[in-house]
1. Out of LEU157, LEU116, LEU125, I need the residue that is in contact with a helix residue (DSSP H, G or I) (Cβ under 8 Å, 6 or more places away or on another chain), open to solvent by 30 Å² or more (accessible area, probe 1.4 Å) and in contact (Cβ under 8 Å) with a residue 12 or more places away in the chain. Which one?
2. Can you name every residue in the range 252-298 that is among the polar types (S, T, N, Q) and open to solvent by 10 Å² or more (accessible area, probe 1.4 Å)?
3. Let me confirm something: among THR351, THR298, THR302, which residue is closer than 23 Å to LYS425 by Cα and assigned to a loop (DSSP other than H, G, I, E, B)?
4. Within the bounds of the range 100-120, is there any residue that is in the same structural domain as ALA32 (by the TED database), within 26 Å of ALA207 (Cβ to Cβ) and modelled with pLDDT under 95?
5. Cβ-Cβ under 8 Å, sequence separation 6+ or interchain: first residue in the range 402-421 and farther than 23 Å from SER306 by Cα, partner hydroxyl-bearing (Ser, Thr, Tyr). Which pairs?
6. ILE325 - would you say it is over 21 Å from the mean Cα position of the chain (by Cα) and among the β-branched types (Val, Ile, Thr)?
7. Looking only at the range 91-138, which residues are of a type in the set (A, V, I, L, M, F, W, C) and more than 21 Å from ALA77 (Cβ to Cβ)?
Amino acid sequence: MTPTDFGFLPIPTRLRYDPDKPFHFGLVLNIAFGFASTFTAANLYYCQPLLIEFSKSFDVNYEQVSQIPTLVQAGYASGLVLITPLGDLVRRRPLVLLLVLLSTTFTVGLSVTTNLRLFEALCFLTGLVTVTPQVLMPLAADLATPDRRGTALSVVLSGLMFGVLAARVLAGVIANFASWRIVYYMAISVQALVLVGAYFMLPDYPAKNINLSYFQILGSMAKYAVTEPLVVQASLINIASSACFSAFWVTLTFLLGGPPYYYSTLVIGLFGLVGMFGVLVGPFAGRLIDKLVPWYATLIATLILSISQAVQTAAGGINVSAVIIACFGLDAARQMQQVSLSTDVFSISTTARARLNAILILSLFIGQVMGTSVGTVVFVQHGWRACALLLQAWQGFQLVILFLRGPHCPRKHWFGYAGGWAARKLVQIETRPGGEPEKTEDGLVQSGGPRVPGV
């Protein structure tokens, strides 16, 4: 019987799963994953620079349209919890195709509706299904060889972050010269390209946990979130790091728009380009992550984050060069940190990577909300220096949490430095349950011998 998607759509022959001939995850496919992440993640941020245009178009006040970004993010958070874990339960290829098809369809609705309530509902639904990058990241980890897993994740994450930064810039520029609806017409076009590309390039991969139900998957995700020391450690670091990142970029508008700079909105928007250059460094940092035990890669990234924030704390409100250095350093190091944490956490279980990834992304979301709200209040009430000092404290908190567990701390230990201090990652031969040799990364060295991945 010919393998199909959705029971009727034939899968191209070269993309069909064959256990005897593993699919080669090369650079072209890796970059395709990155582009897919860019054009889908952008859905979450197109609306942010368009709020004034929405208020004019729907003939309502600013307060009524201010909840649109919140609805998009609420939908995204719901998708992280309810949809992303499906990557551990069903085949990822049809899941990705369905998600992109739905997000494209909802974007068509956004581009044509004249009813604010319908627009808001579609914003929530669009956010709900815009979790394609979070399905692709664990899939990239599964397809990539252990010695290139960090690089593979870096490329996908670079695509995601590029979409986050580019969406605001593109939406603002387009809306400045044409109707805001053109932004969504563009979004429809690029998502249609992603859909076609996914059909002809995305390899089929079998479901992992066919013996589990959907609710068992959700329950096990909650269990991982509270019983795995490495997951808890990575989540706490993620929360603080995401809070710093979000607070910096949100308050940057206030800093650059006021004394001593008084920059225009257009000039302030150009600082996003500096962040984009930082994102482009990500894949090169991935090569470093592939060579090091993830703990050391996380340490390097966190130190760079602290140094970049220290530059901002010292002179961010005095000299614009400090702001530029901080923009670049924070973006580049934040990405390196997230990839190293993901690489480490993914090593816990090869069959639970979608759930583990969902936990990490939820921690990022929590940090984003915390940083945006707290950072804005501190900046408005106490000024840029107080806000920068708060972010510096959060950077220090990350180092404290990281140093609670050493680079080779056994998986179930909450604290300690057992296992030594070796920095280079070892790649060894392990055995699948069926006896077939498999190369796996020794990111977490167990004191009792080699680790065999399990649920």
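1. Selected residue: LEU125, the only one of LEU157, LEU116, LEU125 that is in contact with a helix residue (DSSP H, G or I) (Cβ under 8 Å, 6 or more places away or on another chain), open to solvent by 30 Å² or more (accessible area, probe 1.4 Å) and in contact (Cβ under 8 Å) with a residue 12 or more places away in the chain.
2. Selection gives THR253, SER264, THR265.
3. Going through THR351, THR298, THR302 in turn, just one is closer than 23 Å to LYS425 by Cα and assigned to a loop (DSSP other than H, G, I, E, B): THR351.
4. No, every residue in the range 100-120 fails to be in the same structural domain as ALA32 (by the TED database), within 26 Å of ALA207 (Cβ to Cβ) and modelled with pLDDT under 95.
5. HIS408/TYR417; CYS409/TYR417; PRO410/SER447; ALA418/SER447; GLY419/SER447
6. For ILE325, the condition - over 21 Å from the mean Cα position of the chain (by Cα) and among the β-branched types (Val, Ile, Thr) - is met.
7. Selection gives LEU97, LEU101, VAL108, VAL112, LEU116, LEU118.
Each row is one residue, and each column tells you yes or no for (1) out of contact with any Cys (no Cβ under 8 Å at 6 or more places or on another chain); (2) more than 24 Å from THR104 (Cβ to Cβ); (3) modelled with pLDDT of 90 or more.
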{"site": "PHE6", "(1), (2), (3)": "yes, no, no"}
{"site": "PRO22", "(1), (2), (3)": "yes, yes, no"}
{"site": "VAL28", "(1), (2), (3)": "yes, no, yes"}
{"site": "ALA41", "(1), (2), (3)": "yes, no, yes"}
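The values are calculated or read from the model by the stated rules, or taken from the named source; none is laboratory data. Source: prediction; values computed, not measured. Every residue, glycine among them, receives a Cβ derived from its backbone with ideal geometry; neighbour counts consider all protein chains shown. What goes into the accessible areas is simple: the full protein's heavy atoms, side chains included, and nothing from ligands, DNA or RNA. Shrake-Rupley method; radii C 1.70, N 1.55, O 1.52, S 1.80 Å.
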